[in-house]
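Engineer: One structure coming up, written as C-alpha coordinates, with questions to follow.
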Amino acid sequence: MTGDFAPFTADDYRARMRHAARAAAGAGFAGLLVAPGPDLVWLTGYAPPAATERLTLLVLVPGADPVLVVPKLEAGDAEKAAGGPALTLRDWTDGTSPYAVTAPLLDARGRYAVSDDAWALHLLGLQRELPESAYVSFSDGLPMLRAVKDDAELARLAAAGAAADAAYEEIRNARFAGRKESDVAADLAALLRRFGHSQVDFTVVGSGPNGANPHHEAGERVIREGDMVVLDFGGLVHGYGSDTTRTVHVGEPTAEEREIHDVVRAAQEAGFRAVRPGAACQEVDRAARRVIADAGYGEYFIHRTGHGIGTTTHEPPYMIEGEEQPLVPGMCFSVEPGIYLPGRFGVRIEDIVTVTGSGGRRLNDTAREMAIVS
Ligand code: ZN
Ligand code: ZN
Ligand code: ZN
(Lines give C-alpha, C1' and ligand atoms only; values in the text may rest on other atoms or scores of the structure.)
(Ligands and ions follow the chains in the order given, each with its own letter.)
Protein backbone atom coordinates (compact mmCIF):
# COMPACT_ATOMS: atom_id res chain seq x y z
CA MET A 1 0.00 0.00 0.00
CA THR A 2 3.00 2.31 0.20
CA GLY A 3 3.47 2.38 -3.55
CA ASP A 4 6.55 1.88 -5.61
CA PHE A 5 9.19 4.52 -5.79
CA ALA A 6 12.03 4.61 -8.26
CA PRO A 7 15.23 4.66 -6.22
CA PHE A 8 17.14 7.93 -6.13
CA THR A 9 19.85 8.00 -8.79
CA ALA A 10 23.38 9.34 -8.93
CA ASP A 11 21.94 12.39 -10.70
CA ASP A 12 19.55 13.02 -7.80
CA TYR A 13 22.48 12.87 -5.37
CA ARG A 14 24.60 15.06 -7.64
CA ALA A 15 21.83 17.69 -7.54
CA ARG A 16 21.59 17.49 -3.74
CA MET A 17 25.34 17.88 -3.35
CA ARG A 18 25.32 20.89 -5.69
CA HIS A 19 22.46 22.40 -3.70
CA ALA A 20 24.33 21.79 -0.44
CA ALA A 21 27.58 23.29 -1.73
CA ARG A 22 25.68 26.37 -2.92
CA ALA A 23 23.94 26.70 0.43
CA ALA A 24 27.32 26.45 2.17
CA ALA A 25 28.80 29.16 -0.03
CA GLY A 26 25.72 31.30 0.58
CA ALA A 27 26.26 30.99 4.31
CA GLY A 28 29.90 32.02 3.97
CA PHE A 29 31.50 28.59 4.37
CA ALA A 30 34.46 27.28 2.39
CA GLY A 31 32.64 23.96 2.21
CA LEU A 32 30.86 21.14 3.97
CA LEU A 33 32.29 18.16 5.81
CA VAL A 34 29.81 15.34 6.17
CA ALA A 35 30.30 12.34 8.44
CA PRO A 36 28.31 9.07 8.31
CA GLY A 37 24.72 9.67 9.39
CA PRO A 38 21.50 11.10 7.98
CA ASP A 39 23.25 13.97 6.15
CA LEU A 40 25.56 11.57 4.32
CA VAL A 41 22.64 9.29 3.43
CA TRP A 42 20.69 12.25 2.12
CA LEU A 43 23.60 13.57 0.07
CA THR A 44 25.00 10.30 -1.32
CA GLY A 45 22.77 7.36 -0.43
CA TYR A 46 25.80 5.88 1.33
CA ALA A 47 25.33 4.47 4.83
CA PRO A 48 28.46 2.74 6.15
CA PRO A 49 27.59 -0.12 8.50
CA ALA A 50 28.61 2.04 11.47
CA ALA A 51 30.46 5.26 12.12
CA THR A 52 33.82 4.22 13.51
CA GLU A 53 37.24 5.48 14.54
CA ARG A 54 38.18 5.00 10.87
CA LEU A 55 37.47 8.31 9.14
CA THR A 56 34.79 8.45 6.44
CA LEU A 57 34.16 12.05 5.36
CA LEU A 58 32.43 13.68 2.41
CA VAL A 59 34.14 16.91 1.42
CA LEU A 60 31.92 19.30 -0.53
CA VAL A 61 33.61 22.43 -1.79
CA PRO A 62 31.71 24.80 -4.10
CA GLY A 63 33.05 24.51 -7.63
CA ALA A 64 34.96 21.27 -6.98
CA ASP A 65 33.97 17.61 -7.44
CA PRO A 66 32.60 15.96 -4.31
CA VAL A 67 35.27 13.82 -2.65
CA LEU A 68 34.62 10.98 -0.24
CA VAL A 69 37.53 10.18 2.04
CA VAL A 70 37.02 6.54 2.94
CA PRO A 71 38.94 3.66 4.53
CA LYS A 72 40.32 1.44 1.76
CA LEU A 73 38.50 -1.61 3.09
CA GLU A 74 35.13 0.21 2.73
CA ALA A 75 35.80 1.87 -0.62
CA GLY A 76 34.03 -0.91 -2.54
CA ASP A 77 30.82 -0.40 -0.55
CA ALA A 78 30.97 3.37 -1.00
CA GLU A 79 31.43 2.94 -4.75
CA LYS A 80 28.29 0.78 -4.90
CA ALA A 81 26.08 3.33 -3.11
CA ALA A 82 23.46 5.02 -5.30
CA GLY A 83 25.43 8.26 -5.22
CA GLY A 84 28.77 6.46 -5.70
CA PRO A 85 29.14 7.45 -9.36
CA ALA A 86 28.84 11.10 -8.35
CA LEU A 87 31.81 10.83 -5.96
CA THR A 88 35.55 10.86 -6.30
CA LEU A 89 36.91 8.42 -3.74
CA ARG A 90 40.09 9.17 -1.84
CA ASP A 91 40.91 6.06 0.14
CA TRP A 92 43.41 5.64 2.93
CA THR A 93 44.86 2.56 4.60
CA ASP A 94 45.37 1.61 8.22
CA GLY A 95 48.67 2.92 9.48
CA THR A 96 48.46 6.18 7.51
CA SER A 97 46.78 9.40 8.65
CA PRO A 98 43.35 10.01 7.13
CA TYR A 99 43.68 13.65 8.23
CA ALA A 100 46.81 14.08 6.12
CA VAL A 101 44.76 12.70 3.19
CA THR A 102 41.90 15.13 3.91
CA ALA A 103 43.91 18.29 4.60
CA PRO A 104 44.98 18.96 0.98
CA LEU A 105 41.29 19.01 -0.01
CA LEU A 106 40.67 21.93 2.34
CA ASP A 107 41.67 25.55 2.56
CA ALA A 108 44.10 25.83 5.49
CA ARG A 109 42.30 28.95 6.73
CA GLY A 110 38.81 27.92 5.64
CA ARG A 111 35.68 27.88 7.74
CA TYR A 112 33.68 24.67 7.24
CA ALA A 113 30.23 23.47 8.24
CA VAL A 114 30.45 20.01 9.81
CA SER A 115 27.57 17.57 10.17
CA ASP A 116 26.43 17.11 13.75
CA ASP A 117 27.27 13.40 13.59
CA ALA A 118 31.02 13.92 13.12
CA TRP A 119 33.06 12.38 15.90
CA ALA A 120 35.11 14.76 18.04
CA LEU A 121 38.06 12.41 17.40
CA HIS A 122 37.95 13.17 13.68
CA LEU A 123 37.36 16.89 13.98
CA LEU A 124 40.25 17.19 16.44
CA GLY A 125 42.43 15.23 14.00
CA LEU A 126 41.64 17.73 11.26
CA GLN A 127 42.25 20.68 13.53
CA ARG A 128 45.67 19.29 14.39
CA GLU A 129 46.45 19.09 10.69
CA LEU A 130 45.00 22.55 9.87
CA PRO A 131 45.28 24.65 13.04
CA GLU A 132 43.99 27.79 11.35
CA SER A 133 40.83 26.24 9.94
CA ALA A 134 37.47 26.71 11.69
CA TYR A 135 34.40 24.52 12.06
CA VAL A 136 30.71 25.18 12.72
CA SER A 137 28.06 22.50 13.25
CA PHE A 138 25.28 22.11 10.70
CA SER A 139 22.83 22.84 13.54
CA ASP A 140 24.36 26.26 14.01
CA GLY A 141 25.53 27.03 10.48
CA LEU A 142 23.10 25.36 8.07
CA PRO A 143 20.15 24.06 10.08
CA MET A 144 17.72 24.20 7.15
CA LEU A 145 19.90 22.25 4.70
CA ARG A 146 17.53 19.25 4.47
CA ALA A 147 14.38 21.06 5.66
CA VAL A 148 12.70 21.77 2.31
CA LYS A 149 11.59 18.55 0.64
CA ASP A 150 11.24 18.10 -3.10
CA ASP A 151 8.31 16.28 -4.72
CA ALA A 152 9.98 12.87 -4.64
CA GLU A 153 10.69 13.26 -0.94
CA LEU A 154 7.17 14.55 -0.24
CA ALA A 155 5.69 11.51 -1.95
CA ARG A 156 7.70 9.24 0.34
CA LEU A 157 6.73 11.20 3.44
CA ALA A 158 3.08 10.99 2.38
CA ALA A 159 3.42 7.22 1.92
CA ALA A 160 4.98 6.96 5.38
CA GLY A 161 2.11 8.98 6.86
CA ALA A 162 -0.48 6.81 5.15
CA ALA A 163 1.22 3.66 6.43
CA ALA A 164 1.23 4.98 9.99
CA ASP A 165 -2.43 5.97 9.63
CA ALA A 166 -3.29 2.45 8.49
CA ALA A 167 -1.55 1.07 11.58
CA TYR A 168 -3.63 3.37 13.80
CA GLU A 169 -6.90 2.32 12.16
CA GLU A 170 -6.03 -1.29 12.99
CA ILE A 171 -4.77 -0.77 16.53
CA ARG A 172 -8.06 0.92 17.46
CA ASN A 173 -9.67 -2.52 17.14
CA ALA A 174 -7.11 -4.19 19.39
CA ARG A 175 -7.81 -5.22 22.97
CA PHE A 176 -6.32 -2.71 25.44
CA ALA A 177 -7.82 -3.49 28.86
CA GLY A 178 -5.93 -6.22 30.71
CA ARG A 179 -2.88 -6.13 28.45
CA LYS A 180 0.54 -4.67 29.10
CA GLU A 181 1.60 -1.48 27.34
CA SER A 182 4.51 -3.44 25.87
CA ASP A 183 2.07 -5.91 24.27
CA VAL A 184 0.14 -3.13 22.53
CA ALA A 185 3.48 -1.59 21.51
CA ALA A 186 4.50 -4.89 19.92
CA ASP A 187 1.17 -4.96 18.03
CA LEU A 188 1.84 -1.43 16.79
CA ALA A 189 5.35 -2.30 15.61
CA ALA A 190 4.02 -5.32 13.72
CA LEU A 191 1.32 -3.19 12.09
CA LEU A 192 3.81 -0.51 11.06
CA ARG A 193 5.88 -3.19 9.35
CA ARG A 194 2.84 -4.80 7.79
CA PHE A 195 1.85 -1.48 6.24
CA GLY A 196 5.25 -0.85 4.72
CA HIS A 197 7.71 0.38 7.35
CA SER A 198 11.20 -1.04 6.89
CA GLN A 199 12.23 0.34 10.26
CA VAL A 200 10.20 1.08 13.42
CA ASP A 201 11.75 3.88 15.46
CA PHE A 202 9.34 4.17 18.38
CA THR A 203 6.00 2.84 19.61
CA VAL A 204 4.94 4.83 22.65
CA VAL A 205 2.05 3.40 24.63
CA GLY A 206 1.51 5.65 27.66
CA SER A 207 -1.44 4.48 29.71
CA GLY A 208 -2.94 6.34 32.66
CA PRO A 209 -0.18 8.13 34.63
CA ASN A 210 2.49 6.97 32.16
CA GLY A 211 0.81 9.13 29.51
CA ALA A 212 1.71 12.18 31.59
CA ASN A 213 5.41 11.53 30.90
CA PRO A 214 6.10 12.53 27.27
CA HIS A 215 9.31 10.44 27.31
CA HIS A 216 7.66 7.25 28.49
CA GLU A 217 7.94 4.54 25.82
CA ALA A 218 6.01 1.43 26.82
CA GLY A 219 6.40 -0.69 29.92
CA GLU A 220 5.00 -3.44 32.07
CA ARG A 221 1.96 -1.52 33.26
CA VAL A 222 -1.29 -3.36 32.62
CA ILE A 223 -3.83 -1.11 30.88
CA ARG A 224 -7.16 -0.76 32.70
CA GLU A 225 -10.71 0.25 31.97
CA GLY A 226 -10.89 4.02 32.37
CA ASP A 227 -7.32 4.69 31.18
CA MET A 228 -6.39 7.37 28.73
CA VAL A 229 -3.71 5.91 26.43
CA VAL A 230 -1.26 7.99 24.38
CA LEU A 231 -0.16 6.17 21.20
CA ASP A 232 2.82 7.79 19.45
CA PHE A 233 4.57 5.79 16.77
CA GLY A 234 6.68 6.01 13.66
CA GLY A 235 9.57 4.76 11.60
CA LEU A 236 10.83 4.76 8.04
CA VAL A 237 9.09 3.93 4.75
CA HIS A 238 11.29 4.08 1.63
CA GLY A 239 13.86 5.92 3.76
CA TYR A 240 11.47 8.65 4.99
CA GLY A 241 9.84 9.05 8.37
CA SER A 242 6.40 8.76 9.88
CA ASP A 243 5.42 10.11 13.31
CA THR A 244 1.83 10.41 14.53
CA THR A 245 0.04 10.45 17.87
CA ARG A 246 -3.53 9.75 18.85
CA THR A 247 -4.85 9.51 22.40
CA VAL A 248 -7.53 6.89 22.96
CA HIS A 249 -9.62 6.01 26.00
CA VAL A 250 -10.51 2.59 27.35
CA GLY A 251 -14.27 2.63 27.88
CA GLU A 252 -16.34 5.72 28.71
CA PRO A 253 -14.31 8.87 29.47
CA THR A 254 -15.16 11.36 32.22
CA ALA A 255 -16.29 14.89 31.42
CA GLU A 256 -12.85 16.19 32.44
CA GLU A 257 -11.07 13.73 30.15
CA ARG A 258 -13.32 14.78 27.27
CA GLU A 259 -12.69 18.44 27.96
CA ILE A 260 -8.91 18.06 28.04
CA HIS A 261 -8.92 16.01 24.87
CA ASP A 262 -11.06 18.69 23.19
CA VAL A 263 -8.60 21.40 24.24
CA VAL A 264 -5.65 19.50 22.76
CA ARG A 265 -7.59 18.86 19.59
CA ALA A 266 -8.43 22.55 19.25
CA ALA A 267 -4.78 23.43 19.92
CA GLN A 268 -3.61 21.00 17.25
CA GLU A 269 -6.08 22.49 14.79
CA ALA A 270 -4.91 26.03 15.65
CA GLY A 271 -1.27 25.01 15.14
CA PHE A 272 -2.14 23.47 11.80
CA ARG A 273 -4.04 26.58 10.70
CA ALA A 274 -1.03 28.77 11.53
CA VAL A 275 1.03 26.89 8.90
CA ARG A 276 1.52 29.04 5.81
CA PRO A 277 4.52 30.17 3.75
CA GLY A 278 6.33 33.06 5.39
CA ALA A 279 4.97 32.50 8.89
CA ALA A 280 7.73 32.04 11.46
CA CYS A 281 8.07 28.58 13.03
CA GLN A 282 7.35 30.12 16.44
CA GLU A 283 3.92 31.24 15.22
CA VAL A 284 2.86 27.60 14.94
CA ASP A 285 3.97 27.03 18.51
CA ARG A 286 2.26 30.18 19.72
CA ALA A 287 -1.03 29.34 18.00
CA ALA A 288 -1.23 25.89 19.59
CA ARG A 289 0.03 27.06 22.99
CA ARG A 290 -2.45 29.92 23.17
CA VAL A 291 -5.42 27.55 22.98
CA ILE A 292 -4.05 25.43 25.83
CA ALA A 293 -3.10 28.46 27.94
CA ASP A 294 -6.51 30.08 27.41
CA ALA A 295 -8.16 26.89 28.65
CA GLY A 296 -6.07 27.10 31.83
CA TYR A 297 -3.65 24.24 31.12
CA GLY A 298 -0.63 26.25 29.94
CA GLU A 299 1.70 24.91 32.63
CA TYR A 300 0.91 21.34 31.55
CA PHE A 301 2.09 21.75 27.95
CA ILE A 302 5.75 21.04 28.64
CA HIS A 303 7.43 20.66 25.24
CA ARG A 304 7.81 22.44 21.90
CA THR A 305 4.95 22.09 19.42
CA GLY A 306 6.84 20.30 16.66
CA HIS A 307 9.96 19.10 14.89
CA GLY A 308 10.95 18.52 11.29
CA ILE A 309 10.95 15.10 9.67
CA GLY A 310 12.62 13.61 6.62
CA THR A 311 15.27 10.91 6.44
CA THR A 312 15.17 11.08 10.24
CA THR A 313 12.16 11.36 12.53
CA HIS A 314 13.55 14.41 14.41
CA GLU A 315 15.34 17.24 12.61
CA PRO A 316 14.99 20.98 11.91
CA PRO A 317 12.84 23.02 11.60
CA TYR A 318 11.57 23.15 15.18
CA MET A 319 8.23 24.74 16.03
CA ILE A 320 9.34 26.52 19.18
CA GLU A 321 9.25 30.00 20.71
CA GLY A 322 12.28 31.94 19.49
CA GLU A 323 12.57 30.16 16.13
CA GLU A 324 12.07 32.92 13.60
CA GLN A 325 12.88 30.81 10.53
CA PRO A 326 10.07 31.46 8.02
CA LEU A 327 8.14 28.46 6.76
CA VAL A 328 8.88 27.54 3.15
CA PRO A 329 6.74 25.35 0.86
CA GLY A 330 8.07 21.79 1.08
CA MET A 331 9.04 21.91 4.75
CA CYS A 332 7.64 18.98 6.74
CA PHE A 333 7.22 18.87 10.50
CA SER A 334 4.99 17.69 13.29
CA VAL A 335 2.27 19.69 15.03
CA GLU A 336 1.88 17.89 18.36
CA PRO A 337 0.60 19.83 21.34
CA GLY A 338 -0.22 17.97 24.54
CA ILE A 339 -1.46 18.33 28.11
CA TYR A 340 0.23 16.25 30.82
CA LEU A 341 -1.31 15.99 34.27
CA PRO A 342 1.39 14.49 36.52
CA GLY A 343 0.38 11.24 38.15
CA ARG A 344 -2.91 11.15 36.24
CA PHE A 345 -2.86 11.05 32.44
CA GLY A 346 -1.70 12.79 29.28
CA VAL A 347 -3.21 13.73 25.93
CA ARG A 348 -1.24 14.44 22.76
CA ILE A 349 -2.38 14.69 19.14
CA GLU A 350 0.22 14.76 16.40
CA ASP A 351 0.16 15.03 12.63
CA ILE A 352 2.94 15.58 10.15
CA VAL A 353 2.19 18.69 8.14
CA THR A 354 3.82 20.03 4.99
CA VAL A 355 3.85 23.65 3.91
CA THR A 356 2.08 24.25 0.59
CA GLY A 357 1.97 27.36 -1.59
CA SER A 358 -0.91 28.78 0.43
CA GLY A 359 -1.09 26.97 3.78
CA GLY A 360 -0.52 23.51 5.19
CA ARG A 361 -1.42 19.97 4.22
CA ARG A 362 -1.60 17.13 6.73
CA LEU A 363 0.20 13.88 5.94
CA ASN A 364 -1.73 12.15 8.74
CA ASP A 365 -5.47 12.16 8.48
CA THR A 366 -7.05 9.68 10.85
CA ALA A 367 -9.90 11.00 13.01
CA ARG A 368 -8.64 13.28 15.76
CA GLU A 369 -11.71 12.77 17.96
CA MET A 370 -10.98 10.67 21.05
CA ALA A 371 -11.45 7.03 20.03
CA ILE A 372 -13.07 4.72 22.56
CA VAL A 373 -11.23 1.39 22.69
CA SER A 374 -12.02 -1.77 24.63
ZN1 ZN B 1 -10.67 7.63 32.06
ZN1 ZN C 1 5.50 11.41 17.79
ZN1 ZN D 1 6.90 13.93 16.86
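Engineer: What is the number of the single condition among (1) more than 16 Å from ligand 2 (Cβ to nearest atom); (2) open to solvent by 10 Å² or more (accessible area, probe 1.4 Å); (3) not β-branched (V, I, T) that L363 does not meet?
Structural biologist: Exception for L363: condition (1).
Engineer: With the checklist (1) within 16 Å of ligand 1 (Cβ to nearest atom); (2) at pLDDT below 95 in hand, flag the one item H314 doesn't pass.
Structural biologist: (1)
Engineer: Identify, by number, the condition in (1) of a type in the set (A, V, I, L, M, F, W, C); (2) farther than 29 Å from A287 by Cβ; (3) open to solvent by 20 Å² or more (accessible area, probe 1.4 Å); (4) in contact (Cβ under 8 Å) with a residue 24 or more places away in the chain that F272 doesn't meet.
Structural biologist: (2)
Engineer: I would also like to ask the following. Can you tell me which condition H215 does not meet? The list is (1) at pLDDT below 95; (2) within 16 Å of ligand 2 (Cβ to nearest atom); (3) open to solvent by less than 40 Å² (accessible area, probe 1.4 Å), and all the others hold.
Structural biologist: (3)
Engineer: Working only within the range 159-198, note down all residues that are within 19 Å of the chain's Cα centre (by Cα), surrounded by 20 or more Cβ atoms within 10 Å (Cβ to Cβ) and outside any helix (DSSP H, G or I).
Structural biologist: Answer for the range 159-198, where residues must be within 19 Å of the chain's Cα centre (by Cα), surrounded by 20 or more Cβ atoms within 10 Å (Cβ to Cβ) and outside any helix (DSSP H, G or I): G196, H197.
Engineer: Taking the range 15-29 as the search range and keeping residues that are within 23 Å of the chain's Cα centre (by Cα) and crowded, with 18+ Cβ neighbours inside 10 Å, which one is farthest from E153 (Cα to Cα)?
Structural biologist: A24
Engineer: Can you name every residue in the range 241-254 that is in contact with a Leu (Cβ under 8 Å, 6 or more places away or on another chain) and either closer than 19 Å to T313 by Cα or away from ligand 3 (no atom under 16 Å from the Cβ) (or both)?
Structural biologist: Hits for the range 241-254 are G241, S242, T245, R246, V248.
The values are calculated or read from the model by the stated rules, or taken from the named source; none is laboratory data. This is a predicted model, so every value here is computed, not measured. Neighbour counts run over all protein chains shown; Cβ positions are idealised from the backbone, glycine included. All accessible areas refer to the heavy atoms of the entire protein, side chains included, with ligands and DNA or RNA removed. Shrake-Rupley method; radii C 1.70, N 1.55, O 1.52, S 1.80 Å.
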